[in-house]
Amino acid sequence: MEAGEGKERVLKQRQVLLFFVLLGMAQAGSKPRHYSVAEEMESGSFVANLLKDLGLEVDQLAARGPQVVSKGKKMRLHLDRQTGDLLLNEKLDREELCGPIEPCVLPFQVLFENPLQFFQAELRIRDINDHSPVFLDKEIILKISESITPGTAFLIERAQDLDAGSNSLQSYTVSPNSHFHLKLQDSSDGVILPQLVLNKALDREEQPEIMLTLTALDGGTPPRSGTALVRIEVLDINDNAPEFAELLYEVQVPENSPIGSQVALVSARDLDIGAYGEITYVFSQASEDIRKTFQINAKSGELLLRQKLDFESIQNYTLNIQATDGGGLSGSCVVFVQVIDLNDNPPELTMSTLIKEIPENLQETIIAVFSVSDPDSGDNGRMVCSTQDDLPFFLKPSVENFYTLVTNRALDRETRAEYNITITVTDLGAPRLKTEHNITLMVSDVNDNAPAFTQTAYTLFVRENNSPALHIGSVSATDRDAGANAQVTYSLLPPQDPQLPLASLVSINADNGQLFALRALDYEALRVLEFGVGAVDRGSPALSSQALVRVLVLDANDNSPFVLYPLQNGSAPCTELVPRAAEPGYLVSKVVAVDGDSGQNAWLSYQLLKATEPGLFSVWAHNGEVRTARLLSERDAAKHRLLVLVKDNGEPPLSASVTLHVLLVDGFSQPYLPLPEAAADAAQADPLTVYLVIALASVSSLFLFSVLAFVAVRLCKRSRSASLGGCSVPEGHFPGHLVDVSSTGTLSQNYQYEVCLMGGSGTSEFKFLKPILPNGLVQDTEHD
């Protein structure tokens, strides 16, 4: 559905753009407006106000982005966007722009960019009388035979006036004389030609030479004038005038012909002989351009080039050539020179509108508006515009060789931020000439990319008891956008567990994503800390992303072993009873300890530091079991005090010690004799504590006795009663023969103890506590 809406939106945009292009073409095709200005007006002079003709208000004009466009690169007009006044950019010389052409009209267009529209107009340049008539020859020589009859007219060289209309050449006058009067004749092209008409016959012997002053006047106010000296040489009679073989010569000359090359060869014939038959060839009624471009050999009639021809300036020339013999008679012919165009001008590109930077993600955006021209003709002047095929741009033709450069899809700055566009204009001549115009287009950034973390989840390690404000790691996110859109700010996200005081545990540097532990962490209290971090850019609207951070707290050896048994709470010490008949390896007690640390920091080992009688007892290093090391004898003291050290495997190791009191008894019926130290301590203990200890000992003794009796009855019923030395069982039934004591604390094995009552003993003593060990453990014990 979204794709369909996108296509519909693009279609509407294209329809609107096509509407404005057609509107511009319609405006361009309408009848142009006409304005006029006198030549030689100063730069900045007012020409006209276009607001009414454009149909706009002053406040609308600037928003439409108008500009004046004309052919060629030279802009002679500009439009004031604030007032709508059309002003001159420079002085205009009508004669330079149009030459003899009248009226002198310069077409121009007013281009609106928003929306695209063209307004056609023409500026007529009015002539002022700024040129005087000029005779190209300051001295005009006429050779007239004395045999010429009165009434004969002699055509003389006319004056040149660059002005036009009423300011152009209007009349001639000649100085007063008795032989000639002036007659003006209008030619077919509207030029006034002066003629001297003979009033009376000449007499060479009376006056061989006559000097006249010819004055040319224009129609300006005040009128301007120019003069030339007419020198008339009176000749002897000559009755044959030169005659050309052809009255019209037509030649074609390529515009690249070298200087000095022959254009044509004219030839005239005179039937007279001698001086009257010698012919001289000269230009007749030739303009300044003709005299600069061609020269003629006076003797041979060969027409040569003086400068290179330019088809784009002048396409043809009409030359009048006069052949005069020695007697003053003359004949004339016309040479029509047609300049053949060559492809010697590359196309020209004039940029009207250029956008150097556009935001990304825009569809069909106009980048430039330009026009192309080629002063050549035919195929040499036909042009083709193109751009690179691998770029997302295309050229759309408009009116009168105008083109628009448009994007054909949305641009993505992250894919490409800069485009170098080359517009190539090629003509169709031979050889083909081309012009290239380079445009550098920058694509500005739009916030269309969210920050992306380098990892979706980060795992950081920190050892417990760290110093506050410790840098524990960093997170990093990158944004493919640029500028403020790529500036990333980091933050902690609210934890999922509202009870977790995340803000008091860690912090994050908003600029670089560095994470800090705000306080010392305790492995035993918090082993894993998980929280989310967010990265937000500074675009509008802002985009964001998230990542998971998992902080693992590493254990440090900061907890000493804690002894669970025997209790060391300041109350009366617990005394372990050992029968003197106990065999080596007899389990006296077991020290049970734990360590709040983990790993090797919690691996505990046990060591007997001090004993009343060294060598009598030993402590297993791995499980804390205290056992007899040898057989007991009557000589051994009854009371023993053992100091056991419990040490972990940390670095540095931590330890704790516990004191164990052992009393050797002949049998369990022997009264319990407290150690002197214990009695002294008990006397000082709180009475209530003493009572509690006594009660606990009594209950424990009864329970232990019941269990032992039950086990003894079961054991005596077994087949191996003989090996136990004839164990007799008291009256009553004791179920079971084994007690299974599971390991606690750091013990790694289960132990079974065999108990039975000694037969034939009046005191009913036990043969007590013979452990039944697993095979492997027994072997290890023997090695120890």
_Near pairs, Cβ below 7 angstrom, 6+ apart or cross-chain, from region 414-438 (touching a residue at least 24 places away in the same chain (Cβ under 8 Å)) to any residue that is open to solvent by less than 30 Å² (accessible area, probe 1.4 Å) and among the acidic types (Asp, Glu)_ = Asp427/Asp374; Asp427/Asp376; Gly429/Asp376; Leu433/Asp427
_Hits in region 543-560 - residues which are modelled with pLDDT of 90 or more and either more than 24 Å from Ala503 (Cα to Cα) or hydroxyl-bearing (Ser, Thr, Tyr) (or both)_ = Ser544, Ser545
*Please determine, by comparing only the residues of region 524-576 that are part of a strand (DSSP E or B) and of a type in the set (S, T, N, Q), which one is farthest from His640 (Cα to Cα).*
Ser544
*Among the residues of region 176-227, which ones are more than 24 Å from Pro150 (Cα to Cα), in a strand (DSSP E or B) and open to solvent by less than 70 Å² (accessible area, probe 1.4 Å)?*
Ala216, Leu217, Asp218, Ser225, Gly226
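Results for (1) outside any loop (DSSP other than H, G, I, E, B); (2) under 30 Å from Ala275 (Cα atoms); (3) β-branched (Val, Ile, Thr); (4) in contact (Cβ under 8 Å) with a residue 60 or more places away in the chain, shown as yes or no for each residue.
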site	(1), (2), (3), (4)
Leu97	yes, no, no, no
Gln117	yes, no, no, yes
Arg124	yes, no, no, yes
Leu136	no, yes, no, yes
*Tell me, which residue of region 242-259 that is under 60 Å from the mean Cα position of the chain (by Cα) and assigned to a loop (DSSP other than H, G, I, E, B) is nearest to Gly327 (Cα to Cα)?*
Ile259
*asked:* Condition first: farther than 29 Å from Asn408 by Cα and open to solvent by 40 Å² or more (accessible area, probe 1.4 Å). Now tell me which residues in region 376-394 satisfy that.
replied: Ser377, Gly378, Asp379
*Please tell me if Val263 is among the hydrophobic types (A, V, I, L, M, F, W, C), assigned by the TED database to the domain that holds Gln315 and not in a loop (DSSP other than H, G, I, E, B).*
yes
*Considering every residue within region 420-434, establish whether at least one is over 17 Å from the mean Cα position of the chain (by Cα), of a type in the set (A, V, I, L, M, F, W, C), in a strand (DSSP E or B) and exposed (fewer than 12 other Cβ atoms within 10 Å of the Cβ).*
no
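For (1) buried (at least 17 other Cβ atoms within 10 Å of the Cβ); (2) closer than 30 Å to Glu524 by Cα, each residue gets a yes or a no:
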site: Arg580; (1), (2): no, no
site: Val588; (1), (2): yes, no
site: Val592; (1), (2): yes, yes
site: Asp597; (1), (2): yes, yes
site: Leu616; (1), (2): yes, no
site: Trp620; (1), (2): yes, yes
site: Leu632; (1), (2): yes, no
*In the set Gln285, Gln307, which member is over 30 Å from Asp344 (Cα atoms), modelled with pLDDT under 95 and not aliphatic (A, V, I, L, M)?*
Gln285
*Taking interchain pairs and intrachain pairs at least six residues apart, which have beta carbon atoms under 9 angstrom, with the first residue in region 636-659 and without any contact (Cβ under 8 Å) to a residue 40 or more places away in the chain and the second open to solvent by 30 Å² or more (accessible area, probe 1.4 Å) and of a type in the set (A, V, I, L, M)?*
Ala638/Leu673; Lys639/Leu673; Leu642/Leu608; Leu642/Leu609; Leu643/Leu608; Leu643/Leu609; Leu645/Leu608; Leu645/Leu609
_Of all residues making up region 599-614, the number that are outside any strand (DSSP E or B), within 30 Å of Arg527 (Cα to Cα) and not hydrophobic (A, V, I, L, M, F, W, C)_ = 3
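The values are calculated or read from the model by the stated rules, or taken from the named source; none is laboratory data. None of the values given here were measured: they were computed from a predicted structure. Please note: Cβ atoms are built from the backbone with ideal geometry, for glycine as well, and neighbour counts cover all protein chains shown. Note: areas computed on protein heavy atoms with side chains; ligands, DNA, RNA excluded. Shrake-Rupley method; radii C 1.70, N 1.55, O 1.52, S 1.80 Å.
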